[in-house]
Structure formats: structure tokens, C-alpha cells
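The values are calculated or read from the model by the stated rules, or taken from the named source; none is laboratory data. Owing to the predicted nature of the structure, the values given are computational and were not obtained by experimental measurement. When we count neighbours, we look across all protein chains shown, and the Cβ atoms used for this are built from the backbone with ideal geometry, even at glycine.
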Amino acid sequence: MTFMKGVHPIRRTLQHLNNKRLVLKPFIQIFQVQYKNGVPSHRGAADFAHWHLSQLQYKNPDVQVITYRGLTPTPFIRVFFSSGRELLMDVDRQTKDDIYNRVVTTLCKTEKELEEAQKKSEVAENPAHFGYGCKRHCICEIPGQIPCPAVIPLPYHMRGRYRFGFAEVDESKFL
Amino acid sequence: MASTATSLASAGLKLVTNTGPKKLLLGKCYPCYVPKATRVYVKMMDWDDWLKMYFVRFDSYFTHDPDKIAKTGDIVLIEQLPKRLTRDITHQLTKVIYPMGDIVDPISGKKCMGGQFRDVEEVKDRLWGKNENAFDYEKAPPRGWQEGKKDWTHRPGQRKFHEFDDRDTSHMAY
């Protein structure tokens with residue numbers, strides 16, 4: 001955890017930021033929160049902005065996430081869609097968790113949509129792939145390729161130290 | 001929107017709706033001397049991968065606003081134009097969301113002042129006793145009545161780097 005200073009620096013960990021549920025629908029362009037500091041009925045909106053707004057921006061880098069403070073006496077969340085329409089959410093006297101659940105159910109992608117998106121991006125799905133996160137770790141595991149040099153040494157003409165004269169083949173071994 | 005269409009048409013562009021997802025942004029208006037345009041400062045967030053933190057960055061856009069519906073300080077919604085109008089104008093001003101000094105609470109529809117409803121403030125004033133010379137929202141003229149008399153933000157600003165005694169004449173004096 002880097003930069004462990006300030007209020008609740010846990011918000012600056014990838015574990016906290018990688019909130020898979022806060023992926024907004026693709027037609028959402030702007031996510032605006034408005035609240036006032038110090039007012040008890042605005043506490044939920046302030047806490048939601050404190051804990052979840054960085055997650056929202058992290059999972060949705062193309063969405064403009066902004067906060068306005070002290071414009072009106074009622075806290076609200078205003079979302080602008082690419083069609084030009086907007087959605088208004090009155091969050092007066094609601095707790096942070098209520099607002100979070102509301103945002104997730106109305107504005108975010110469903111679990112099914114997220115699963116489908118994840119499947120598409122998964123590298124291990126393609127059986128021809130090899131490497132980190134795949135079924136086969138190295139090209140040496142693929143049939144038809146050269147076996148692993150850790151198990152069977154490569155022939156001399158494929159080894160750099162013999163090719164470029166840093167070592168000489170000891171022919172007495174073959175006699 | 002109709003005037004935007006006609007003004008764009010005169011520049012050889014068509015206002016086409018439903019051309020796919022439009023890039024919308026919310027920003028604050030700043031003084032702009034470009035005619036038929038408004039300068040909008042949009043607050044964006046820059047991600048720092050090491051600190052895992054977001055830092056504020058302000059992007060400035062010149063937006064097409066032929067009727068000058070937005071004034072300095074208003075929070076407006078801007079939309080990216082399909083093709084830039086001039087070298088500077090890349091966006092168009094769609095709507096004024098929160099006009100400065102005249103904010104309307106979107107949920108109740110009531111006018112606000114300083115983060116509180118105007119009628120609540122009036123009740124407070126009545127209890128404390130309102131000054132005769134105090135600002136009256138109902139009697140006050142609309143914003144912009146001092147433009148040309150005392151408000152010069154629509155003119156390009158002067159930047160003076162040095163005071164020359166032989167050149168700077170008395171028209172600079174107050």
C-alpha cells in the first residue's frame with residue numbers, strides 16, 4: 001500500500017478500487033454528485049462520495065465523475081446519458097449503503113453482463129494461447145516444439161556460447 | 001437548438017442528431033472574447049498509478065454559443081461537435097445546468113441561494129429583520145445589465161508587463 005497518509009488511505013489500494021460491481025452502463029457520460037458538508041441528511045451522499053467515487057472513476061475512466069458542494073439544500077445524484085437525457089436521484093436522508101445499492105441496481109451493469117465481458121477478455125479461454133494465466137506455461141509444452149532445455153539440453157549449434165566461440169565442443173565425450 | 005442549427009449551417013455544417021454516442025461534459029464558463037463562443041473549463045481527473053490517486057486537471061474548451069445563453073460562472077453541459085467549427089471551437093453548448101446566482105434545485109424546482117432555498121432565507125431575514133437596501137431577487141434586473149458599463153469580460157484583457165513613463169498616457173488613469 002503506497003502513500004499510507006491521509007484520511008482512510010485504504011481507498012488508495014487496488015483491492016478497494018477494483019470494485020467489480022461499479023461498472024456503469026455504456027451510455028452514461030457524466031456522473032454528478034451534489035451535497036453539503038456538515039448537514040446530517042447529506043451524510044450518506046458525502047460518505048458515498050468519500051468511499052465509492054474513486055472506485056467509480058477507476059472502473060469507468062471515460063465517464064466524467066464530478067462533485068459539486070453547497071449548490072442546493074437537497075443532495076442528489078445526476079447522471080447524463082449520451083442521448084441527451086438525464087437521470088436524477090434524490091438521496092436526501094439515505095445512508096451510503098442505500099445509495100450504493102441504488103446506484104448499482106439502476107445504473108451499473110448486471111452480474112450477467114459483467115461475466116460476459118470478463119469471458120471475452122479472458123486469455124485462458126483460447127486453448128492455443130500459452131504463457132501467464134494460460135493452461136500451458138511455455139512453448140516447450142506444446143507438441144511439435146523443441147522440448148524444455150531444462151530437461152533436455154539444446155544441441156550445440158543452437159547454443160550461443162558454442163556458436164560464438166565462448167566455449168569449445170569437447171569431442172572426447174563422443175569417442 | 002434551432003439557432004445553433006442555422007448558425008452551423010452558415011458555416012457549412014449540419015446539426016445531425018443521433019450520430020451515435022456523443023461525448024458530453026459538464027464544465028464552468030469563463031470569460032471568452034471569441035465571438036459566438038463560450039470558454040468552458042471542464043474538471044477532469046488524472047490517474048497516478050504509483051500513488052493510486054486521482055489528481056484534478058482542468059481542460060479548457062471553446063464552445064459554440066451563438067446566442068450567448070451562458071454567462072461567466074454558469075455550469076453548463078457541452079457536447080463534442082462532429083467536426084470542429086474553427087481552429088479553437090470544438091464543442092457546442094447544449095444546456096445551462098446551474099446558472100450562477102440563479103440555481104434551481106432540480107428535485108423540488110425551487111430557486112436556491114447560498115445552498116438554501118430562497119423562501120427559507122426570506123423567513124430567516126424576516127425573523128432577524130431585513131435591511132431596506134438588501135438585495136431583492138424579485139426586483140433585481142436579470143444578470144448582465146452592467147455589460148458594457150462596468151463588466152468588460154467580453155473584451156480581450158490587457159496585459160501590461162512594464163509601466164513606461166514616456167508612453168503610457170493618461171487614459172490608463174482612473
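Within the range A:58-164, considering only helices (runs of 4 or more DSSP H) that don't extend past its boundaries, which have at least 1 residues that are touching a residue at least 24 places away in the same chain (Cβ under 8 Å) and surrounded by 15 or more Cβ atoms within 10 Å (Cβ to Cβ)?
A:96-107
Can you work out which of the residues in the range A:1-41 that are more than 29 Å from residue A:73 (Cα to Cα) and among the basic types (Lys, Arg) is nearest to the chain's Cα centre (by Cα)?
Among them, the one singled out is A:20.
Find the residue count for the range A:8-42, including only residues that are touching a residue at least 24 places away in the same chain (Cβ under 8 Å), over 30 Å from residue B:23 (Cβ atoms) and either more than 12 Å from chain B (Cβ to nearest Cβ) or in a strand (DSSP E or B) (or both).
Total meeting the criteria: 2.
Looking at (1) surrounded by 14 or more Cβ atoms within 10 Å (Cβ to Cβ); (2) in a loop (DSSP other than H, G, I, E, B); (3) out of contact with any His (no Cβ under 8 Å at 6 or more places or on another chain), can you tell me which one residue A:3 breaks?
With respect to (1) surrounded by 14 or more Cβ atoms within 10 Å (Cβ to Cβ); (2) in a loop (DSSP other than H, G, I, E, B); (3) out of contact with any His (no Cβ under 8 Å at 6 or more places or on another chain), residue A:3 is out only on (1).
Can we say residue B:45 is more than 17 Å from residue A:31 (Cβ to Cβ), surrounded by 16 or more Cβ atoms within 10 Å (Cβ to Cβ) and at pLDDT below 95?
no
Assess whether residue B:143 counts as being part of a loop (DSSP other than H, G, I, E, B), charged (D, E, K, R) and closer than 20 Å to residue B:29 by Cα.
yes
In the range A:54-81, what residues are more than 9 Å from every other protein chain (Cβ to nearest Cβ) and among the aliphatic types (A, V, I, L, M)?
Once the filter is applied, which keeps residues that are more than 9 Å from every other protein chain (Cβ to nearest Cβ) and among the aliphatic types (A, V, I, L, M), the range A:54-81 yields A:56, A:63, A:77, A:79.
Being within 14 Å of another protein chain (Cβ to nearest Cβ), over 27 Å from residue B:51 (Cβ atoms), of a type in the set (A, V, I, L, M, F, W, C) and touching a strand residue (DSSP E or B) at 6+ places or on another chain (Cβ under 9 Å), is that true of even one residue in the range A:94-109?
No, the range A:94-109 contains no residue that is within 14 Å of another protein chain (Cβ to nearest Cβ), over 27 Å from residue B:51 (Cβ atoms), of a type in the set (A, V, I, L, M, F, W, C) and touching a strand residue (DSSP E or B) at 6+ places or on another chain (Cβ under 9 Å).
Counting residues that are over 20 Å from residue A:62 (Cα atoms), touching a helix residue (DSSP H, G or I) at 6+ places or on another chain (Cβ under 8 Å) and within 12 Å of another protein chain (Cβ to nearest Cβ), which strands (runs of 3 or more DSSP E) fully inside the range B:37-96 reach at least 2? Show your work before the answer.
Numbers: elements: B:37-48, B:53-64, B:75-80.
The strands (runs of 3 or more DSSP E) meeting that bar number zero.
Out of all the residues in the range B:63-102, which are under 22 Å from residue B:151 (Cα atoms), surrounded by fewer than 20 Cβ atoms within 10 Å (Cβ to Cβ) and over 11 Å from the mean Cα position of the chain (by Cα)?
The answer is B:66, B:67, B:101, B:102.
Being under 26 Å from the mean Cα position of the chain (by Cα) and surrounded by 12 or more Cβ atoms within 10 Å (Cβ to Cβ) narrows it down to one residue among B:115, B:148, B:109; which is it?
Going through B:115, B:148, B:109 in turn, just one is under 26 Å from the mean Cα position of the chain (by Cα) and surrounded by 12 or more Cβ atoms within 10 Å (Cβ to Cβ): B:115.
Residue-by-condition table, conditions (1) of a type in the set (A, V, I, L, M); (2) farther than 30 Å from residue B:93 by Cα; (3) outside the structural domain of residue A:43 (by TED's automatic domain parsing):
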{"site": "A:81", "(1), (2), (3)": "no, no, no"}
{"site": "A:95", "(1), (2), (3)": "no, yes, no"}
{"site": "A:139", "(1), (2), (3)": "yes, yes, yes"}
{"site": "A:145", "(1), (2), (3)": "no, yes, yes"}
{"site": "A:157", "(1), (2), (3)": "no, yes, yes"}
{"site": "A:169", "(1), (2), (3)": "yes, yes, yes"}
